[in-house]
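The values are calculated or read from the model by the stated rules, or taken from the named source; none is laboratory data. Model, not experiment: these values are computed from the prediction. Cβ atoms come from the backbone with ideal geometry, glycine included; neighbour counts cover every protein chain shown. Remember, those area values only see protein heavy atoms, side chains included, never the ligands or the DNA or RNA. Shrake-Rupley method; radii C 1.70, N 1.55, O 1.52, S 1.80 Å.
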Amino acid sequence: SKVLPSNADARGTVEACHASLRRLGTDRIDLYLLHWRGGVPLAETVEALEGLVSRGSIGAWGVSNLDVDDLAELPEGALPQTDQVLYNLTRRGPEYDLFPWCRERSVPVMAYSPLEQGRLLGHQALESVAEAHGSSPLQVALAWVLRHDDVIAIPKASTAAHVEENHAALDVRLTDEDLKALDAAFPAPVRKEPLEIL
Ligand SMILES: NC(=O)c1ccc[n+]([C@@H]2O[C@H](COP(=O)([O-])OP(=O)(O)OC[C@H]3O[C@@H](n4cnc5c(N)ncnc54)[C@H](OP(=O)(O)O)[C@@H]3O)[C@@H](O)[C@H]2O)c1
């Protein structure tokens, strides 16, 4: 059967990157991610990404939506700069095995949809902690994601006010008591959970 061309095969990876560079009007992308796993062998995509690094089109490469078994399939010695995964108070699965895998290899995790696309609003536990800090519930949700030094959060915001509010989450210091209250309302995983996507 004929294999369809893909943005992740040897040629497609390079072409998609060059098309992105043109659209962005730049000659270099600092960090370029594989969005998710498709039918192309990971080794083929990684080789193409490393070629882009060596030619200076990208500064580094990373991956997204790869669970631990996918990460384990990456070619020997080829570590992504990050794995961008769905992670927030209501999606704690990655803490069980993905975080330890990444931490052991010094790969920072990038949390996408850290606000669960706004659906975290209205949770009582979050509101109580927020009230105690004089902050907003979404700031607490972000501070919670950022409680680990090796986790990055990429909240999407379309207004300057939201961007400023989210940035100020860096100043929210959650106490052990806050973390306990949040654990009670949003339990940590106790077994392997397949990586969720949005
Ligand atoms: N790798 C992947 O497969 C994948 C999948 C999904 C998303 N992502 C990425 O993850 C990033 C964020 O994810 P997301 O947009 O799905 O969800 P999100 O960041 O959890 O939530 C975004 C929503 O929260 C609202 N919001 C943000 N700050 C707020 C604030 N301070 N107060 C009130 N509402 C606020 C936004 O509203 P406004 O727009 O009105 O500010 C928007 O509706 C995006 O850059 C996206 O590209 C990646």
Residue-span extension gain [residue 16 to residue 158] - 0.36 nm each, minus C-alpha spacing
48.5 nm
Accessible surface, 1.4 Å probe, highest first, among residues 162, 133, 167:
167, 162, 133
Taking all pairs of different Cα atoms in the chain, averaging 1/r and flipping that mean, what Kirkwood radius in angstroms comes out?
18.3 Å
C-alpha center-to-center spacing [the range 107-183, the range 68-98] in angstrom
21 Å
Amide H within-cut-off set for residue 33, under 5 Å, with H built and near neighbours excluded
62
Within the range 88-124, what residues put their amide N at less than 20 Å from the label point 7 Å along the Cα-to-Cβ vector of residue 69?
92-102
What does the accessible area of residue 37 come to, in Å² to the nearest 10, when a probe of 1.4 Å is used?
80 Å²
Ranked by accessible surface with a 1.4 Å probe, highest first, in what order do 6, 57 come?
6, 57
For residue 197, project a label point 7 Å along Cα to C-beta. Then give me every residue of the range 81-114 with its amide nitrogen under 19 Å of that point.
82-88, 91-95, 98-99, 110-114
In the chain, what percentage of the DSSP-assigned beta bridges are antiparallel, given to the nearest 5?
5 percent
Debye, to nearest 20: dipole size of the range 38-149, +1 on Lys, Arg Cβ, -1 on Asp, Glu Cβ:
440 debye
Extension gain (nm, one decimal) between residue 47 and residue 176, 0.36 nm per residue minus Cα-Cα:
42.1 nm
Mind checking Rg over Rh on the range 1-67, alpha carbons, Kirkwood formula for Rh?
0.96
Residue farthest toward the positive end of the dipole of the range 52-169, with Cβ of Lys/Arg at +1 and Asp/Glu at -1: which of 123, 135, 74?
135
Could you pull the Rg and Dmax for the range 117-198, using just the Cα atoms, both in Å?
13.1, 40
Please express the shape of the range 125-169 as an equivalent ellipsoid: the semi-axes are the square roots of 5 times the eigenvalues of the C-alpha gyration tensor, given largest first in whole angstrom.
17, 15, 7
